[in-house]
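**Student:** My questions all concern the structure below.
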Amino acid sequence: MRYRRGELWHHSDFRKLWFGESVSLIGTYATQLVFPLVAVTYLSASPTELGVVSAAQFAPVLLLTLVAGHWVDRVGRRPVLVGSNLARMATLAAAIALLQTGTLQVWSWCVIAFVLGTFTAAFDVAWHSYLPAVVERRHLVEGNAKMQTSYSVAQLAGTGLGGWLLKVLSPTIAFLIDIASYAVSVVALLAIRKREPRRARPAGNDESMSRRLTHGVRLLWRDRVLRALMLEGAWFNLCEQALLTLFMIYAVRQLDLDAGQVGLCIALGSVGAVVGSVVAGRMERRWGTARTLVVAIGFASCSPVLVPLASGPQLVAVALIVLSFNAYGLGLTVFNVHNISQRQARTDPSALGRVTAAFSTIALGALPVGAVVGGLLGDLLGVRPALAVVAAAFIAGWLVFALALPRLFGEPPAPDPAPAAATGAAAVAPPS
């Protein structure tokens, strides 16, 4: 079908989905900045303790996402999206209670982070699986590009707002804003008119639960393009969380930046991500998907080298950090647009929730590992040398990916093995 750019501006249901998620992301990014800064400034957390707090927030991705993907494909995406937002609102209310009663400790902060991360993981799996049910396949790149624009703008506004609120007011206000943003998202989701297609009851209910839950992993692993994207994503995310854990300590204790200045650095650094969301489609049309993916993630992987070089006069250090974050955001946003679009286009819709969950479990499951690794490296080597080690690890992972991806591209999507299993003589039913 012929495709004209900008068609989604006239798509009522997509606008509702986009608006609700965009508003909620502002509160989410404000909270994501406030969480580690509260641990550093209010609880005087060490690098290792900060790593544990960050790991607690991302651990549910590794532990529970496969279950979420299986559930999403069975019960539907929108109910999971609405329920996850309501649960996150309740969790943030509990965080406010701890702050207001003065009973906040590192361990309780870890519990709040884990619960919040659990429902965020479920929401993310459902959201990426829900978009293809709202828009047609030819609109996926445009839809994902618009959402990456929202991620970028929300990061710019949310992190700047979070740092300012923590400096001038309190983390409680930041959490209240996040609760309000989730409420807006719930209303927008309930206003969508298009209904998801009915799902036939999955075959293979006599299979073990482990095989049902790992169906998405098997589908993902058979497609060598998606496998390469997943492995690069896992390595990149591990390095990213190690970098961010170390950066919070480095910025506050060695560069002497306050919460407002840290938020401003990250917010200004998000301008590159906005640019990336705008140019993602143009880059693909000019260079092709494979080259665009390699160049984009290479740009993002080389930019962290500037962070350990940020020293001396505070203005110079801040300028280097902002430049690094801009290059990082630009490359990562372009990569994410086409990474997500490839996964949505190469996967059968009936299994997209499980494949998305499998991808998130492995790629995003590296985040808690990276947080702990970053904290341990900071205590063992010192924060600045640890930043240099992480920057080198970024580049090493990209070089392997750049050599592997171009020769894999062009392969057709791997077929779902379920139909073949159903026609064979084996007694085992096809995986659900």
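The values are calculated or read from the model by the stated rules, or taken from the named source; none is laboratory data. Not measured: the values here are computed from a predicted model. Note: ideal-geometry Cβ built from the backbone for every residue, glycine included; neighbour counts use all protein chains shown.
**Student:** Specify which of the listed residues (Ile321, Ile362) is of a type in the set (Val, Ile, Thr), under 17 Å from Phe401 (Cβ atoms) and in contact (Cβ under 8 Å) with a residue 60 or more places away in the chain.
**Tutor:** Only one candidate qualifies: Ile362.
**Student:** Oh, and also: Starting from the stretch 222-243, take each residue that is free of Cβ contacts under 8 Å to residues at least 60 places away in the same chain and list its partners that are surrounded by fewer than 23 Cβ atoms within 10 Å (Cβ to Cβ), counting only C-beta distances under 6 angstrom and pairs at least six apart or across chains.
**Tutor:** Arg227/Trp221
**Student:** Report every pair of residues separated by at least 6 positions or lying on different chains whose Cβ atoms are under 6 Å apart, first residue within the stretch 180-196 and under 26 Å from Ala30 (Cα atoms) and of a type in the set (Gly, Ala, Ser), second part of a helix (DSSP H, G or I) and at pLDDT 90 or above.
**Tutor:** Close Cβ pairs satisfying both conditions: Ser185/Asn85.
**Student:** Hey, can you tell me all the residues within the stretch 1-34 that are modelled with pLDDT under 80 and aromatic (Phe, Trp, Tyr)?
**Tutor:** Tyr3, Trp9, Tyr29
**Student:** Can you tell which of Thr333, Thr347, Thr361 is within 15 Å of Leu131 (Cβ to Cβ) and at pLDDT 80 or above?
**Tutor:** Thr347
**Student:** Something else about it: Yes or no: the stretch 157-169 includes at least one residue that is buried (at least 22 other Cβ atoms within 10 Å of the Cβ), farther than 25 Å from Leu190 by Cβ, at pLDDT 75 or above and not β-branched (Val, Ile, Thr).
**Tutor:** No, every residue in the stretch 157-169 fails to be buried (at least 22 other Cβ atoms within 10 Å of the Cβ), farther than 25 Å from Leu190 by Cβ, at pLDDT 75 or above and not β-branched (Val, Ile, Thr).
**Student:** Do you know which residues across the stretch 293-316 are in a helix (DSSP H, G or I), crowded, with 22+ Cβ neighbours inside 10 Å and more than 20 Å from the chain's Cα centre (by Cα)?
**Tutor:** Matches in the stretch 293-316: Val307, Pro308.
**Student:** Also: Of the residues Thr103, Thr48, which is among the polar types (S, T, N, Q) and more than 20 Å from Ala174 (Cα to Cα)?
**Tutor:** That would be Thr48, the only listed residue that is among the polar types (S, T, N, Q) and more than 20 Å from Ala174 (Cα to Cα).
**Student:** While we're on this one: Count, please, the residues in the stretch 317-337 that happen to be surrounded by fewer than 23 Cβ atoms within 10 Å (Cβ to Cβ) and under 20 Å from the mean Cα position of the chain (by Cα).
**Tutor:** Residues flagged as surrounded by fewer than 23 Cβ atoms within 10 Å (Cβ to Cβ) and under 20 Å from the mean Cα position of the chain (by Cα) within the stretch 317-337 amount to 2.
**Student:** Looking only at the stretch 244-286, count every residue that is of a type in the set (D, E, K, R) and in contact (Cβ under 8 Å) with a residue 40 or more places away in the chain and tell me the total. Spell out how you get there, then give the answer.
**Tutor:** Kept after step one, since they are of a type in the set (D, E, K, R), are these residues of the stretch 244-286: 253, 256, 258, 282, 284-286.
Okay, now just the ones that are also in contact (Cβ under 8 Å) with a residue 40 or more places away in the chain, so 253, 256, 258, 284.
The total comes to 4.
**Student:** Determine whether Trp107 is over 27 Å from Ala358 (Cα atoms) and assigned to a helix (DSSP H, G or I).
**Tutor:** Yes, satisfied.
**Student:** If you don't mind, another one. Suppose we keep only residues that are buried (at least 20 other Cβ atoms within 10 Å of the Cβ) and more than 20 Å from the chain's Cα centre (by Cα) within the stretch 91-117. Which one would you say is farthest from Ile177 (Cα to Cα)?
**Tutor:** By that ranking, first place goes to Trp109.
**Student:** Does the stretch 255-277 contain any residue that is of a type in the set (Asp, Glu), surrounded by fewer than 22 Cβ atoms within 10 Å (Cβ to Cβ) and not in a helix (DSSP H, G or I)?
**Tutor:** Yes, the conditions are met somewhere in the stretch 255-277.
**Student:** Where residues in the stretch 191-238 are polar (S, T, N, Q) and part of a helix (DSSP H, G or I), which of them is modelled with the lowest pLDDT?
**Tutor:** Ser210
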